[in-house]
Amino acid sequence: MQQQLDAFFRPRSVAVIGASTKKGTIGRETVRNMLLAEFNGKVFPVNPKASVILSIKAYSTILDVPDAVDLAIVIVPKDHVKEVVAQCGEKGVKGVVVISAGFSEVGREGRKREQEVLKVVREYGMRMIGPNCFGIVNTHPDVCLNATFGKTYPMPGRIGFITQSGAMGEAIVNVAHDLGIGFSIVASIGNKADISSNDLLEYLKTDPDTDMILMYLENFGNPRNFTKIAREVVRFKPIVAVKSGRTKLGAKAASSHTGALAGLDVGVDALLEQTGVMRVDTVEELFDVAQAMTYQPLPKGNRVAVVTNAGGPGILATDALIANGMEMPSLSAATVKKLKKHISAEASFANPMDMVAGAGGREFRITLEALKNDRKYDAIVPIFVPPITIDQIEVAECIADGLAGTDKTVLACFMGVGLESAGMDQLRKRGIPAYIFPEAAAKTLSNMYKYRERMLHPRGKVRTYKVDMEKVERIVAEARDSGSDSIVGEPAIDILRAYGISAAPYRYASSAEQAVKAATALGYPVVMKINTPPILHKTEVGGVMVDLRTDKEVRSAFRTLRNRIEEHGEEGDFSVAMQKMITGGIETVMGMSTDPQFGPLIMFGLGGIYVEVMKDVSFRILPLTDQGARDMIRSLRSFPLLNGFRGAPAANQEVLVETLLRLSQLVRDFHCFSEIDINPFIASPDKKDCAAVDARFIIRPTNDQ
């Protein structure tokens, strides 16, 4: 990969095929950008209708270029791309960047056109970025490559940037320039027909000029490869990503933009969290984090001190910090004593510390010098609202002087000024990221802290248990032989038991008297469910009766269920399944759903309204580790209910962990299931009272496995 991508990012010669003499065209601007960047290599414009472009000799085709060519930038109409790429192959070009659009992003015909081009690329052993992209950049002084048609050449820096959207790529580069954020490499990958973000991550992992990687993604090409590569990369370099398409309409738009399938957002969240990639919600947050991590160390903890000359911004910062999981301990007595000697008595010696409006550079410097030595804090956020009487550059200098030498994380906020204000610029020059609003600083600090915690978090191990695979195979074969695409009732419970998952036993009854006998044998209270005819979603037709405590209630329930079946027009034999009702536990739900891009997703949540209304569930991509299972459980907003809320006994969480791991093993072993639902699984304090009450398995068609 290193050698292959060096042809793109460290070429010795570049041909621009489709170079133009006409101002404002992509072909002309790309050549112009290469010259303005002072590319340390040879540039060959290719245009059959021009002999000279921007004072450089042009050639009719790439085959006419007398020298060897490492990289070709293709900017020709879509119908000519295949022919041009074939000529590149004949010439011995190693890499092609196809900026031209009109491929898989426009539908079936474009997808066919893209595959034809890719076939040519592979026939000649080349690699391709694009099509439908913005181009590539390498700011290293030995290279100085700007093979884009953008208006701004990125500032040199140590951030690698991968973007799927060309327009977003150009916009991000422009804003980064204003913020003083520099890049080592910029790569717009477009439809990523050949080279994907996975390939670029592998390349940047070992790039000595890149310390951090930013990504703008609309979909994943191969999520399983991404998981493997990203987990390795984040051990050495942080990855911060914006993944658009959170909503159904957004995902649809993302798919049509690049012609690739967009996965469920829960899958994206699970994937990025498991790999250690820091996901941010907006491009603005991407800049915020990039700025902070460029200049500042990660916070060692979540304890923050806020210093301000105005009460309102201090309140906003406090709300945002607490809402994002940070803490704000009060000032230590020693710090307060020290500050009262120098700071106005009208100040609030609390956290946030409001030094009142008259505070200027001197007050900020004295206060920050005291706080940087206070061990109660891991991070400091100075907030300044510039009054007309105080020089903001002087305040910026005093803030930097007061915090000089600290190992704490420092993010500043200058409210009421622009991004390019003199005070903000001075702070950035002194290595302190500056934000216009306190909420942005708070969210960024929280993102940095959570990233550090994730990096220190143990990964856990994938567990394998002794199970009865043959029994499951028989049950699946019997279902298929009967023409069924689902497994419910006792066969579903038998699958769980074959994998060591505890399940409440069934007894069956085809008459009211048989139901009474079954209930007596099981012991009251009991639950009664429709068994035949088989119904997948029993609760939707009122097919479940719970907490039956007497023979009379059992007889009545039997008649009620039979009448409901008749009302729904169901025909055939009628029988019910009886189970002992488990009391004193908490209903949970666990299972598996299949995402078309990410594959099987393991799911866990609390049952009832928590899953139906609040959507309080967590997801993980296979393989699931023991630590991952614990994290799934603890990540729920409703986790306190499992952990013993208001004096109630805690549920046996180790049983839940083991059950999730056994379910994960079942999914790994059997690809024939497209969906699994264990609902409810009763989580009780005592292990023997933890059991699945019901389950269903959806079998995917044979040709879909």
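The values are calculated or read from the model by the stated rules, or taken from the named source; none is laboratory data. Just so it is clear, the model here is predicted, and its values are computed rather than measured. Neighbour counts are summed over all protein chains in view; Cβ atoms, including those assigned to glycine, are modelled from backbone coordinates with ideal geometry.
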*asked:* Looking at the range 634-665 only, could you name the residues that are aliphatic (A, V, I, L, M), at pLDDT 95 or above and under 18 Å from residue 680 (Cβ atoms)?
replied: 655, 656, 657, 660, 663
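For (1) surrounded by fewer than 24 Cβ atoms within 10 Å (Cβ to Cβ); (2) modelled with pLDDT of 95 or more, each residue gets a yes or a no:
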site: 164; (1), (2): no, no
site: 169; (1), (2): no, no
site: 172; (1), (2): no, no
site: 175; (1), (2): yes, no
site: 184; (1), (2): no, yes
site: 190; (1), (2): no, no
site: 200; (1), (2): no, yes
site: 203; (1), (2): yes, yes
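Looking only at the range 449-469, filter to residues that are part of a helix (DSSP H, G or I) and modelled with pLDDT of 95 or more; which one of those is surrounded by the most Cβ atoms within 10 Å (Cβ to Cβ)? It would help to see each step written out before you state the result.
At the first step, the residues of the range 449-469 found to be part of a helix (DSSP H, G or I) are 449-456, 469.
Going one step further and asking which of them are modelled with pLDDT of 95 or more, we end up with 449, 469.
Values: 449: 23, 469: 13.
Filtering the range 449-469 for residues that are part of a helix (DSSP H, G or I) and modelled with pLDDT of 95 or more, the one surrounded by the most Cβ atoms within 10 Å (Cβ to Cβ) comes out as 449.
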_When residues of the range 470-507 are limited to those that are in contact with a Leu (Cβ under 9 Å, 6 or more places away or on another chain) and assigned to a helix (DSSP H, G or I), the one surrounded by the fewest Cβ atoms within 10 Å (Cβ to Cβ)_ = 498
*Test for residue 698: is it aliphatic (A, V, I, L, M) and more than 26 Å from residue 457 (Cα to Cα)*: yes
*Residues that are in contact with a Lys or Arg (Cβ under 8 Å, 6 or more places away or on another chain) and without any contact (Cβ under 8 Å) to a residue 60 or more places away in the chain: which strands (runs of 3 or more DSSP E) entirely in the range 611-705 hold 3 or more of them?*
none
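Residue-wise test of (1) at pLDDT 90 or above; (2) under 49 Å from the mean Cα position of the chain (by Cα).
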{"residue": "510", "(1), (2)": "yes, no"}
{"residue": "513", "(1), (2)": "yes, no"}
{"residue": "517", "(1), (2)": "yes, no"}
{"residue": "521", "(1), (2)": "yes, no"}
{"residue": "524", "(1), (2)": "yes, yes"}
{"residue": "545", "(1), (2)": "yes, yes"}
{"residue": "573", "(1), (2)": "no, no"}
*asked:* Exactly one of these conditions fails for residue 527: (1) assigned to a strand (DSSP E or B); (2) under 30 Å from residue 274 (Cα atoms). Give me its number.
replied: (2)
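Give me the strands (runs of 3 or more DSSP E) completely within the range 132-185, filtered to those with at least 3 residues that are within 25 Å of the chain's Cα centre (by Cα) and either closer than 20 Å to residue 433 by Cα or not assigned by TED's automatic domain parsing to the domain that holds residue 28 (or both), ordered by residue number. Don't jump to the end; show me each part of the working.
Values: elements: 135-138, 145-148, 156-163.
Counting at least 3 such residues, we get 156-163.
Suppose we filter 101, 58 for residues that are surrounded by 19 or more Cβ atoms within 10 Å (Cβ to Cβ) and aliphatic (A, V, I, L, M); which single one remains? Walk me through how you get there before you give the answer.
Working: 101 fails: surrounded by 19 or more Cβ atoms within 10 Å (Cβ to Cβ).
Just one listed residue meets the conditions, 58.
Scan the range 584-595 and tell me whether some residue there is under 19 Å from the mean Cα position of the chain (by Cα), part of a strand (DSSP E or B) and acidic (Asp, Glu). Give the steps one after another, and end with the answer.
As a first pass, look at the range 584-595 and keep what is under 19 Å from the mean Cα position of the chain (by Cα): 593-595.
Retained after the next criterion (residues that are part of a strand (DSSP E or B)): 593-595.
Right, trim to acidic (Asp, Glu) and you get 595.
Yes, the range 584-595 contains a residue that is under 19 Å from the mean Cα position of the chain (by Cα), part of a strand (DSSP E or B) and acidic (Asp, Glu).
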*Output yes when any residue across the range 674-694 is surrounded by fewer than 19 Cβ atoms within 10 Å (Cβ to Cβ) and of a type in the set (A, V, I, L, M, F, W, C), and no when none is.*
no
_Residues located in the range 328-365, provided they are within 14 Å of residue 382 (Cβ to Cβ) and either not assigned by TED's automatic domain parsing to the domain that holds residue 314 or not hydrophobic (A, V, I, L, M, F, W, C) (or both)_ = 351, 352, 354, 360, 361, 362, 363, 365
*Name the residue, out of 67, 79, that is farther than 23 Å from residue 94 by Cβ and either outside any strand (DSSP E or B) or outside the structural domain of residue 134 (by TED's automatic domain parsing) (or both).*
79
*Under 8 Å between Cβ atoms, at least 6 apart or on separate chains: pull out the pairs that start in the range 319-343 with a residue that is acidic (Asp, Glu) and end on any residue that is at pLDDT 90 or above and part of a loop (DSSP other than H, G, I, E, B).*
327/302
_Pick from the range 321-338, criterion under 36 Å from the mean Cα position of the chain (by Cα) and surrounded by fewer than 22 Cβ atoms within 10 Å (Cβ to Cβ), ranking: nearest to residue 366 (Cα to Cα)_ = 330
_So if I check each of 280, 336, 289, 266, which one is modelled with pLDDT of 90 or more and either in contact with a Leu (Cβ under 8 Å, 6 or more places away or on another chain) or at positive phi (or both)?_
280
